[in-house]
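Asker: If you scroll down you'll find the structure; I have some questions about it.
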Amino acid sequence: MKPPRISIVTISFNQAEYLRAAIDSVLGQGYPNLQYIVVDPGSTDGSREIIDSYAERISVKVFEPDRGPGDGLNKGFARADGEIYGYLNADDVLLPGALHTVVEAFARRPDVDVISGHCQIIDGRGQVLRESYSDPFRPNRVLHRAANLMQPSTFFRRRAFNRTSGFNVANRLDWDTELFVDMYAQGAKFARCDAMLSGYRLHTTTVTAQRRNSLILAQDWRKLLEAKLGRAWAWYDHLLRWGYLVLKYLGNPRWVRERLLRGRVAGRSG
């Protein structure tokens, strides 16, 4: 029996230093029914030349302007024909065997729409800084920034994506979280896969580091909470956040161990 089709989208913009590693990590999976889509709205650092060097192995190349990451991802998934979707930033990597593990996890849970694994946080040289773990998906906890899904280790069925409006193009900071919340609102069922599936890279120019700093310093994440919960941020949301964080720590001793042994790594460069 032919294995299910997987569509992976990589969004690329001036990340030539890491792009080849990202592409190789997808194409090197050895998965026999893969559609790989790479979206680049106009890199000027040699990224497009790298993408072109894989012309015979990349299924679809999208070289056209877009309005940001969410728009680029929508353009990519508009061309997807797989049963299972995933996306990988140009500075992250999939770990060997990740796609086979994901397919096996979905096969065991045909009722589940979204499966999240765990990840290694790596630096600019690819060295592992620590491990990080996806939490059980609870919208209130996610919106209060007290739970996370490891984005490059999260995969979803086409049916779940198609029930939403896709990525919110106006959201330039936390487009993945908003999509997952929208999926849940449309009835998607979430589960975890207890496996390391990706390398989540932190370096001086990473979108992740820039996004995290913006969210913490500007508190823009409150806007998403207010939009999705349909109410204004209130004083008791601080208490809810800390309560949810306590539940996270109690329920995820591995995360606590990593934090205690290896410290905080967010924002560190390679």
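Asker: Within the range 149-203, which residues are surrounded by fewer than 18 Cβ atoms within 10 Å (Cβ to Cβ) and within 26 Å of Lys248 (Cα to Cα)?
Answerer: Ala185, Gln186, Gly187, Lys189, Ala191, Asp194, Ala195
Asker: Any residue at all in the range 86-98 that's under 21 Å from Ser165 (Cα atoms), crowded, with 19+ Cβ neighbours inside 10 Å and aliphatic (A, V, I, L, M)?
Answerer: Scanning the range 86-98, I find at least one residue that is under 21 Å from Ser165 (Cα atoms), crowded, with 19+ Cβ neighbours inside 10 Å and aliphatic (A, V, I, L, M), so the answer is yes.
Asker: Something else: Within the range 127-174, which residues are touching a strand residue (DSSP E or B) at 6+ places or on another chain (Cβ under 7 Å) and in a loop (DSSP other than H, G, I, E, B)? It would help to see each step written out before you state the result.
Answerer: Quick first cut of the range 127-174, residues touching a strand residue (DSSP E or B) at 6+ places or on another chain (Cβ under 7 Å) only: 128-134, 136-137, 149-150, 152-158, 160-161.
Scanning the range 127-174 gives Tyr133, Ser134, Pro136, Phe137, Leu149, Met150.
Asker: A further question on this structure: Only one of Glu64, Glu56, Glu49, Glu17 is closer than 23 Å to Gln120 by Cβ and over 19 Å from the mean Cα position of the chain (by Cα); which?
Answerer: On the way: Glu64 fails: closer than 23 Å to Gln120 by Cβ; Glu56 fails: closer than 23 Å to Gln120 by Cβ; Glu49 fails: closer than 23 Å to Gln120 by Cβ.
Within the list Glu64, Glu56, Glu49, Glu17, the selection yields Glu17.
Asker: Here is a follow-up. Among the residues that make up the range 231-246, is at least one of them out of contact with any strand residue (DSSP E or B) (no Cβ under 6 Å at 6 or more places or on another chain), at pLDDT below 85, in a loop (DSSP other than H, G, I, E, B) and surrounded by fewer than 14 Cβ atoms within 10 Å (Cβ to Cβ)? Lay out the reasoning, then the answer.
Answerer: Step one: list which residues in the range 231-246 are out of contact with any strand residue (DSSP E or B) (no Cβ under 6 Å at 6 or more places or on another chain), which gives 231-246.
Cutting the leftovers down to at pLDDT below 85 gives us none.
No, because not a single residue in the range 231-246 is out of contact with any strand residue (DSSP E or B) (no Cβ under 6 Å at 6 or more places or on another chain), at pLDDT below 85, in a loop (DSSP other than H, G, I, E, B) and surrounded by fewer than 14 Cβ atoms within 10 Å (Cβ to Cβ).
Asker: Has the range 14-22 got at least one residue that is modelled with pLDDT under 95, of a type in the set (A, V, I, L, M, F, W, C), within 19 Å of Asp92 (Cβ to Cβ) and not in a loop (DSSP other than H, G, I, E, B)?
Answerer: Looking for residues that are modelled with pLDDT under 95, of a type in the set (A, V, I, L, M, F, W, C), within 19 Å of Asp92 (Cβ to Cβ) and not in a loop (DSSP other than H, G, I, E, B), one finds at least one in the range 14-22, hence yes.
Quick grid of which residues meet (1) within 18 Å of Gly97 (Cα to Cα); (2) touching a Cys at 6+ places or on another chain (Cβ under 9 Å); (3) without any contact (Cβ under 8 Å) to a residue 60 or more places away in the chain; (4) not small (Gly, Ala, Ser):
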residue	(1), (2), (3), (4)
Arg130	no, no, no, yes
Ala146	no, no, no, no
Arg159	no, no, yes, yes
Thr177	no, no, yes, yes
Phe180	no, no, no, yes
Asp194	yes, no, no, yes
Gly199	yes, yes, no, no
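Asker: Still on this model: With touching a residue at least 24 places away in the same chain (Cβ under 8 Å) and under 17 Å from the mean Cα position of the chain (by Cα) as the only criterion, which of Gly28, Gly82, Gly76 stands out? Step through it out loud before you land on a result.
Answerer: Working: Gly28 fails: under 17 Å from the mean Cα position of the chain (by Cα); Gly82 fails: under 17 Å from the mean Cα position of the chain (by Cα).
It is Gly76.
Asker: For residues in the range 23-45 being out of contact with any strand residue (DSSP E or B) (no Cβ under 6 Å at 6 or more places or on another chain) and surrounded by 23 or more Cβ atoms within 10 Å (Cβ to Cβ), which is nearest to Met196 (Cα to Cα)?
Answerer: Applying the first criterion (out of contact with any strand residue (DSSP E or B) (no Cβ under 6 Å at 6 or more places or on another chain)) to the range 23-45 yields 23-24, 27-33, 40-45.
Filter again for surrounded by 23 or more Cβ atoms within 10 Å (Cβ to Cβ), leaving 23, 40.
Values: Ile23: 18, Asp40: 27 Å.
Taking the candidates together, the pick is Ile23.
Asker: While we're on this one: Of all residues in the range 99-122 being in a loop (DSSP other than H, G, I, E, B) and touching a residue at least 24 places away in the same chain (Cβ under 8 Å), which is surrounded by the fewest Cβ atoms within 10 Å (Cβ to Cβ)? Talk me through it step by step, then tell me what you get.
Answerer: We begin by selecting, within the range 99-122, every residue in a loop (DSSP other than H, G, I, E, B); these are 109-113.
If we keep only those that are touching a residue at least 24 places away in the same chain (Cβ under 8 Å) too, we end up with 109, 111-113.
Values: Arg109: 13, Asp111: 6, Val112: 18, Asp113: 22.
Checking each candidate, the answer is Asp111.
Asker: Now, a different point. I'd like to check something: does the range 196-208 contain any residue that is in a helix (DSSP H, G or I), at pLDDT below 95 and either within 29 Å of Gly72 (Cβ to Cβ) or within 19 Å of the chain's Cα centre (by Cα) (or both)?
Answerer: In the first step, residues of the range 196-208 are kept if they are in a helix (DSSP H, G or I); the result is 207-208.
From what's left, at pLDDT below 95: 207-208.
After this cut, where a residue has to be either within 29 Å of Gly72 (Cβ to Cβ) or within 19 Å of the chain's Cα centre (by Cα) (or both) as well, the list is 207-208.
The answer is yes, given that some residue of the range 196-208 is in a helix (DSSP H, G or I), at pLDDT below 95 and either within 29 Å of Gly72 (Cβ to Cβ) or within 19 Å of the chain's Cα centre (by Cα) (or both).
Asker: State whether one or more residues within the range 123-134 are at pLDDT below 95, crowded, with 16+ Cβ neighbours inside 10 Å and of a type in the set (A, V, I, L, M, F, W, C).
Answerer: yes
The values are calculated or read from the model by the stated rules, or taken from the named source; none is laboratory data. Since we're looking at a predicted model, the values are computed, not measured. Counting neighbours? That spans all protein chains shown, and the Cβs are built from the backbone with ideal geometry, glycine included.
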